[in-house]
Amino acid sequence: MTHRRKLAAALVFLAGFYCLVLFAGFFAPYDFAAQSRETPVAPPTALHFVDAQGKFHARPFIYSAQDANQQATPSDANTQRPYPIHFFVRGSRYKIAGLFTSNVHLFGVDDPGQILLIGSDAYGRDQFSRFLYGGQISMLAGLIAALFSVSLGIIVGGIAGYYGGWIDEILMRGSELFLALPWLYLLFAVRAALPLRISQWQVFLLLATIMGLIGWARPARLIRGVVLSAKQRNFVTAARGFGASDAYLLRKHVLPQTYGVLLTQMTLLIPQYVLAEVTLTFLGLGVGEPMPSWGALLSSLQQYSVLSSYWWMFLPALLLIPLFLVFYTAADALQELHKSVPL
Amino acid sequence: MAKVPLRKQCVALVLGIGFACSFAPAAPAQANEGRTAASGPTEERMITDNAPGHAGGRLAVALRSEPKTLNPALAEDEPSRDVIRCLTADMIHINRSSLKTEPALAKSWRVSRDGKQYTLQLRRGLRFSDGQPFNADDVIFSFQVYLDEKVDSSQRDLLVIGGKPITVAKLDDYTVRFELAQPYAAAERLFDGVAILPRHLLETTYRDGTFSKAWSLSMPPSQFAGLGPFRLKDYVPGQRVVLERNPYYWKADHAGNHLPYLDEVVFSFVPSEDAQVIRFQSGEADVLSRFSADNFAVLQKQQLTKGYHLYDLGAGLEYNFLFFNLNDLGSKNVPDIAKKQAWFQDLRFRQAVSSAIDREGIVRLVYSGRATSLWNQGTPGDKLWADAAIPHPPRSLDHARQLLQSAGFSWNKDGSLLDPHGTPVEFSILTSSSNAQRMKMATIIQDDLSQLGMKIQVVSLEFRATVDRLRNTFNYEAAVMGLVSGDADPTADMNVWLSSGETHLWHVGEPKPATPWEAEIDRLMQQQLTTLDYAKRKQLYDRVQEIVSENLPVICLASPNILVGASNRVANFRPAILVPYALWNIEELYIR
């Protein structure tokens, strides 16, 4: 039962997270592309409840430098104007799922105050807003690509493992060949064949397809191994002896044993794909500026100057840790649940 | 000097397109000990004016990648050139600090009155680093190699003047005469970076036709010899190149000490700029150049405690710019782009774009303030040639809107810009993803222009793919690029401004000038090339800069400062704004 509860909790969390990302326009205080050139790489804004006179306010507020050239720091809070945080404020216009247009944001402060929950990037763009918007591409493309890889893997690996012989030989040598392909050059060619400008939907499909296609060979080999051993187990042989068809055996007895491998593969592939998107962007196949993506947010951490000077640039990475943990938890719970169901 | 082969920069950062500069040459050594006195004339040494130092010590330098060759005629990448510069010498050299020419292997030279004949007097009694004597035959041989079309050296472009290769004749063992087809304004700067090769080592390979394989790094050090301050000692693939003092080097300080002072120079290979910076910060490398303003800021924090010093030399000769595809697209199958050229060709459109760009923002966000905003190609670092009279109009979106309106553009309800036919103005800005600075510039411009209602997409591609689109397929709309002049002289940029030039980026290699103002630039550039008087040349080149700033074939953005760092151990360190910024006087450096 606890596994069931664990799974439910994880799914609720994930649903919530996907909601947050899907409705990024509403939850994000700013537009992902809005630059604030006077304050690049600003640190996170501190939330205050107690003002300079020591008075407590139930509504949190922030201090913002009145002169945009100086950055807000708590030490000179006295010289700065407080900006209370308001909810359901009107701000920049956004679209949700390409359908509804609105300009209501969950929270915000009056201009020219700026609320930057996890700081801003090198152009002074709000990292929190970019994090939420970035998830739209990264979370969905990553998930779809992982599903795609694993489904291909299950088909190829399942057939190879179950039928064995020359089919196995052909499919597995094929997958090895696939692993050995010089992907970088193939991707150059793909990029050259595409038009100069690629729309966002195309980028999305591209990411999902390329990552899915490149990634199927490993799961296929793993699944083949599992199927190979599963089909020789006694209860499978017995079922076959009773006249079960191949389709029945695969569906009922063999493939269910690969669930564990599948789930672990999925949970490993998704984070990998979030990062793979950075490489694809480098080749011009990913989301370009100013569109945000998690891969791009994380890749700025690869710079020594960022790493050594701006601690808040780690915050998007920290936010991703619980998310991936929940993915693993869900996978784990699913696997445990599956085990406890009698075959 | 120099002109413009597109060269590949390490796919780490930095420039996209560079000018080949005065690069130097190479040749290492063989230890033919014990033949110092011997025969021949006495050595005519050059006496330097640096503060005398003392011999000994080793200098550690981190290169961003492994040199591809040590052959001066074939080297195109910066790491190769950095090493080759230490191994070879030229006849007349540009002093990177004064930007003037000074004698090197030639102790003096004479120019004929018509400016077409150069007679160089070589130093006597000099020896290559393997102990073999140097004379006019080596010079003749070297020029034969560089001018050979089959060798395809990047120096060849510099040595073809007025469409004809220069000719060399040996007058005696220590005198050579060069004939030019027409007078050449940059004059003896021509000889900078043309490394003299040892005939005794390379003639056979050259005659065999195997020159393209000669002096690859894998050859034993005894196969190399040069006239530079150092000679090759050791090469460990993937790790380092070690150079040792050339005992036959021909310079001495005024206290009578032989140069160079250093015993050894070690070039180690690291994978990225960040790795170079970290090595420098930890003291494992003594010298650092070509790094970003962000890393400068990081290093600055520990400048006092870590025992190094950083130099911000101000603007160099790099200029970054935005340009539109004005190529003749008739033969290319890109109808969408051809349609948009109607906008790009409209001067008012380009002026509006220029007026909308926040150059101050670029300087601040891209270079943390360590750069200068730019309105034309003359960078503030090019003190002798930049035209100070070019106006610097401040950013004005209103002015930009007026210009667009006068060109027949209008705005719809959402604020999107529409062209006179009612088509929304949408285009992409291409840039190379290996250059973080230019990516940032493109992103800033994207935001600036969106305020005019233009819909811009930044398209970043890997470096080669970018260059292929810019130079061959013309499948792009606009692009952000940068060039680094190889010398503080307008001749360095001939290829950019001549309409037939290969680096005439906005309209590559025009068969004849497409516009009257391009025709005028052609005329002015040719004229300055054969004018010998500086004041007259300056006037001509000022006019070129004026035309460029009026017609905006390129919309200049910013010129980054040259940033250099050196350990406090290194004495006589005098960084300069000309390539190679840091180690140009390596023979004068010593360890405190």
Seminar exercise, completed: The residue from A:80, A:136, A:127, A:114 that alone is out of contact with any His (no Cβ under 8 Å at 6 or more places or on another chain), among the polar types (S, T, N, Q) and modelled with pLDDT under 80 is A:80
For this session: Considering every residue within segment B:527-535, establish whether at least one is among the aromatic types (Phe, Trp, Tyr), surrounded by fewer than 20 Cβ atoms within 10 Å (Cβ to Cβ) and closer than 24 Å to residue B:191 by Cβ.
Result: yes
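In the list B:366, B:425, which residue meets the criterion of being over 28 Å from the mean Cα position of the chain (by Cα) and among the hydrophobic types (A, V, I, L, M, F, W, C)? It would help to see each step written out before you state the result.
Working: B:366 fails: over 28 Å from the mean Cα position of the chain (by Cα).
It is B:425.
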For this session: Could you look through segment A:309-323, keep only residues that are within 14 Å of another protein chain (Cβ to nearest Cβ) and buried (at least 18 other Cβ atoms within 10 Å of the Cβ), and pick out the one that is nearest to residue A:13 (Cα to Cα)?
Result: A:313
Seminar exercise, completed: A careful count of residues in segment B:169-208 that are outside any strand (DSSP E or B) and either in contact (Cβ under 8 Å) with a residue 60 or more places away in the chain or closer than 22 Å to residue B:80 by Cβ (or both) gives 26
Seminar exercise, completed: (1) in a loop (DSSP other than H, G, I, E, B); (2) facing another protein chain (nearest Cβ under 9 Å); (3) not aliphatic (A, V, I, L, M) all hold for residue B:421 apart from (2)
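Restricting to segment A:13-49, name every residue that is of a type in the set (S, T, N, Q) and away from chain B (no Cβ under 14 Å).
The first filter runs over segment A:13-49 and keeps only residues of a type in the set (S, T, N, Q), leaving A:35-36, A:39, A:45.
Across segment A:13-49, the qualifying residue is only A:45.
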Exercise. Is segment B:349-360 home to any residue that is more than 17 Å from residue B:483 (Cα to Cα), assigned to a strand (DSSP E or B) and under 25 Å from the mean Cα position of the chain (by Cα)?
Worked result: no
Exercise. Under 9 Å by Cβ, and 6 or more places apart or on different chains, what pairs join a residue from segment A:94-111 that is outside any loop (DSSP other than H, G, I, E, B) with one that is of a type in the set (S, T, N, Q)?
Worked result: A:94/A:101; A:94/A:102; A:94/A:103; A:95/A:101; A:95/A:102; A:96/A:102; A:103/A:92; A:105/A:92
Seminar exercise, completed: Of the candidates A:201, A:216, A:183, the one satisfying the condition of being among the aromatic types (Phe, Trp, Tyr), surrounded by 15 or more Cβ atoms within 10 Å (Cβ to Cβ) and within 14 Å of another protein chain (Cβ to nearest Cβ) is A:183
Exercise. What are the pairs, 6+ residues apart or on separate chains, where a residue within segment B:463-483 that is within 11 Å of chain A (Cβ to nearest Cβ) has its Cβ under 6 Å from a residue that is among the β-branched types (Val, Ile, Thr)?
Worked result: B:475/B:334; B:477/B:337; B:478/B:429
Exercise. So how many residues does segment B:255-281 have that are of a type in the set (S, T, N, Q), in contact (Cβ under 8 Å) with a residue 60 or more places away in the chain and within 14 Å of another protein chain (Cβ to nearest Cβ)?
Worked result: 2
Seminar exercise, completed: Per the filter on segment A:140-166, residues over 28 Å from residue A:271 (Cβ atoms) and either outside any helix (DSSP H, G or I) or at pLDDT 90 or above (or both) are A:164, A:166
For this session: Quick one: residue B:288 ticks every box in (1) modelled with pLDDT of 90 or more; (2) assigned to a helix (DSSP H, G or I); (3) within 14 Å of another protein chain (Cβ to nearest Cβ) except a single one, so which number is it?
Result: (2)
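So which of B:433, B:499 ends up being polar (S, T, N, Q), free of Cβ contacts under 8 Å to residues at least 40 places away in the same chain and more than 11 Å from chain A (Cβ to nearest Cβ)? Give the steps one after another, and end with the answer.
Details: B:433 fails: more than 11 Å from chain A (Cβ to nearest Cβ).
After applying the criteria, what remains is B:499.
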Exercise. Pick from segment A:232-247 the residues that are of a type in the set (A, V, I, L, M, F, W, C) and in contact with a helix residue (DSSP H, G or I) (Cβ under 8 Å, 6 or more places away or on another chain): which of them is nearest to residue A:158 (Cα to Cα)?
Worked result: A:236
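Inside segment B:438-473, can you point out the residues that are assigned to a loop (DSSP other than H, G, I, E, B) and at pLDDT 90 or above?
Our first condition is that a residue be assigned to a loop (DSSP other than H, G, I, E, B); within segment B:438-473, this holds for B:451-454, B:462.
Across segment B:438-473, the qualifying residues are B:451, B:452, B:453, B:454.
Select from segment B:453-462 the residues that are β-branched (Val, Ile, Thr) and within 9 Å of chain A (Cβ to nearest Cβ) and list them in ascending order.
Restricting attention to segment B:453-462, the residues satisfying the condition of being β-branched (Val, Ile, Thr) are B:456, B:458-459.
Those that are β-branched (Val, Ile, Thr) and within 9 Å of chain A (Cβ to nearest Cβ): B:458, B:459.
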Exercise. Can you name the number of the only condition in (1) out of contact with any strand residue (DSSP E or B) (no Cβ under 8 Å at 6 or more places or on another chain); (2) in a helix (DSSP H, G or I) that residue B:496 fails?
Worked result: (1)
For this session: Looking only at segment B:291-323, count how many residues are in contact with a Phe, Trp or Tyr (Cβ under 7 Å, 6 or more places away or on another chain), among the aliphatic types (A, V, I, L, M) and part of a strand (DSSP E or B).
Result: 1
Exercise. Considering segment A:167-194 alone, what residues qualify as being farther than 15 Å from residue A:219 by Cα and among the small types (Gly, Ala, Ser)?
Worked result: A:180, A:189, A:192, A:193
Exercise. Taking residue B:344, is it closer than 30 Å to residue B:408 by Cβ, surrounded by fewer than 22 Cβ atoms within 10 Å (Cβ to Cβ) and touching a strand residue (DSSP E or B) at 6+ places or on another chain (Cβ under 6 Å)?
Worked result: yes
Seminar exercise, completed: If we ask which residues in segment B:113-140 are under 26 Å from the mean Cα position of the chain (by Cα) and among the aromatic types (Phe, Trp, Tyr), their number turns out to be 1
For this session: Determine the pairs where a residue that is in contact (Cβ under 8 Å) with a residue 24 or more places away in the chain, located within segment A:152-171, has a partner that is acidic (Asp, Glu) and part of a helix (DSSP H, G or I) with Cβ atoms under 6 Å apart, the partner being 6 or more residues away or on another chain.
Result: A:160/A:168
Problem set entry | Close pairs from segment B:336-359: first away from every other protein chain (no Cβ under 14 Å), partner hydroxyl-bearing (Ser, Thr, Tyr) and part of a helix (DSSP H, G or I), Cβ under 8 Å, at least 6 apart | B:348/B:406
For this session: Check every one of the helices (runs of 4 or more DSSP H) wholly within segment A:257-319 and list those with 1 or more residues that are of a type outside the set (A, V, I, L, M) and closer than 22 Å to residue A:150 by Cα.
Result: A:259-282, A:294-299
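Could you go through segment A:286-294 and let me know if any residue there is out of contact with any Cys (no Cβ under 9 Å at 6 or more places or on another chain) and either surrounded by fewer than 18 Cβ atoms within 10 Å (Cβ to Cβ) or away from every other protein chain (no Cβ under 12 Å) (or both). Even if it seems obvious, please write down each step before you answer.
Residues of segment A:286-294 that are out of contact with any Cys (no Cβ under 9 Å at 6 or more places or on another chain), as a first pass: A:286-294.
Among the residues that remain, those that are also either surrounded by fewer than 18 Cβ atoms within 10 Å (Cβ to Cβ) or away from every other protein chain (no Cβ under 12 Å) (or both) are: A:293-294.
Looking through segment A:286-294, at least one residue is out of contact with any Cys (no Cβ under 9 Å at 6 or more places or on another chain) and either surrounded by fewer than 18 Cβ atoms within 10 Å (Cβ to Cβ) or away from every other protein chain (no Cβ under 12 Å) (or both).
The values are calculated or read from the model by the stated rules, or taken from the named source; none is laboratory data. Remember, predicted model here, so these are calculated numbers, not experimental data. Cβ coordinates were reconstructed from backbone atoms using ideal geometry, including for glycine residues, and neighbour counts include every protein chain displayed.
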